[in-house]
Amino acid sequence: MPVLSETSPLTIPLLVAAKGGEKIAMLTAYDAPSAALLDAAGVDVLLVGDSVEMAVYGEPNTLSATMDSMVRHSRAVCRSVKRALVVGDMPFLSYQTDTARAVENAGRFLAEGGCAAVKLEGGTRSLPAIEAILAADIPVMGHVGLTPQSFHKLGGFKVQGREPETALQIREDAKALAAAGCFAVVLECVPAPLAAEITREIAVPTIGIGAGADCDGQVLVFHDVMGLTRDLRPRFVRRYADLSSIIEEAAKAFTRDVKSGSFPSAEESYAGGKPALRRVL
Ligand code: KIV
């Protein structure tokens, strides 16, 4: 019984109610035009991810994201969305230093960015910040497994939870986040059986990325899905379009037309006359 597909706009209680039923589709979005397209296509949740640093700014990891930049991207996304729930991703050092700062920064995503919720990384270690943010009535999405802001500690982007001790830690972390009141938990790059077990054990939706088919929802990075990333192609990404080739072909055709003089044509140019009497567009 679909609770999400037929509802507009989506709300946190509706997403929680979808647990174990209709799957949740989530993609990252960083700008107004692509967010409008994803929203119109029926994507349930748009994550203004700190992956913007890698996907848009060409950085090697997500650590360079700042509050100002994340809030600005959030605002662009929220302006063009009618149905999807928009979640803002709290950047590195925006919630780890002290809880008051964490609440203020989380609040900026709602007050300035227009988001409905924030996401932050870490399990039990992030609980003080999560509890403080939740106490300010700001909905929180948790994120465990591969936490990209721990890039240097983890030694890169690697599957987590393959050993019994790390699997247990991830399970405990996910349970602690759900018990604290997170409305959903992202499980990133963990073995599918572990993700399935966590999904059965917690009362809120799990959203997987590289975590198998049994999660309550799936999230991927926009640029990966649309074929805009060329070099890095993780195993869990399915490409639904090849925009790189389309853009490259279009850019080649534009360059060819400029150099041959066939662009612009007379129809693409303005005629002379009395400027005041002519429409500009
Ligand atoms: O920033 C991001 O895109 C993310 C997703 C990978 C979950 O955190």
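The values are calculated or read from the model by the stated rules, or taken from the named source; none is laboratory data. All values reported here derive from a predicted model rather than from experimental measurement. Reconstructed Cβ throughout: ideal geometry from the backbone, glycine too, with neighbour counts over all protein chains shown. These area figures cover heavy atoms from the full protein model, side chains too; ligands, DNA and RNA do not enter into them. Shrake-Rupley method; radii C 1.70, N 1.55, O 1.52, S 1.80 Å.
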Practice item. Just name one of Met67, Ala102, Thr124: the one whose Cα is farthest towards the positive end of the charge dipole of region 12-244 (beta-carbon charges, Lys/Arg +1, Asp/Glu -1). Key: Met67
Check your understanding: Using a Cα distance threshold of under 27 Å, what count of lysine pairs results for the chain when pairs must be 8 or more residues apart or interchain?
Key -> 13
**Study point:** Solvent accessible area, Å² - His152, 1.4 Å probe, full protein context
**Key:** 130
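Estimate the FRET efficiency between Arg256 and Asp31 by the formula 1/(1 + (r/R0)^6), using the beta-carbon distance for r and 22 Å for R0, to the nearest 0.05. Please report the intermediate quantities before stating the final value.
On the way: r = 28 Å, r/R0 = 1.27.
FRET efficiency, Arg256 to Asp31: 0.20.
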Review point. Of the GluC sites (Glu not before Pro) in region 176-281, which ones lie in a loop per DSSP and count no more than 11 other C-beta atoms within 10 Å?
Key: Glu267, Glu268
Revision key, fill the gap. The relative contact order of region 12-244, taking Cα pairs under 8 Å that sit 6 or more residues apart, comes to a percentage of 18
Check your understanding: Rounded if a/c is under 1.5, else prolate if a/b is larger than b/c, else oblate: which is region 12-244, with a ≥ b ≥ c the root eigenvalues of its Cα gyration tensor?
Key -> rounded
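Using heavy-atom solvent-accessible surface (probe 1.4 Å) with all chains present, what is the largest-first order of Lys252, Lys175? Before the final figure, lay out the partial values.
Details: Lys252 105, Lys175 75 Å².
Largest accessible area first, the residues go Lys252, Lys175.
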Exercise for review: Report Asp231's accessible area, 1.4 Å probe, all protein chains in place, as a number in Å² to the nearest 10.
Suggested key: 140
Point to revise | Ranking by accessible area, most exposed first, for Lys153, Lys119 with a 1.4 Å probe | key: Lys153, Lys119
Point to revise | the chain - charge dipole about Cα centre, Lys and Arg +1 at Cβ, Asp and Glu -1, debye rounded to 20 | key: 700
Check your understanding: Sorting Tyr57, Tyr30, Tyr270 by accessible area (1.4 Å probe), largest first, what list results?
Key -> Tyr270, Tyr57, Tyr30
Review point. Hey, if you put +1 on the Cβ of every Lys and Arg and -1 on every Asp and Glu Cβ in region 141-281, which of Leu177, Gly142, Ser265 ends up farthest toward the positive end of that dipole?
Key: Ser265
Practice item. Note down the nm distance, to one decimal, between modelled labels 7 Å out along Cα→Cβ at Glu165 and at Ala241. Key: 4.6
Study note, to complete from the structure: Rounded to the nearest 10 degrees, the helix 243-260 long axis (Cα) sits at an angle to the longest Cα principal axis of the chain of 20
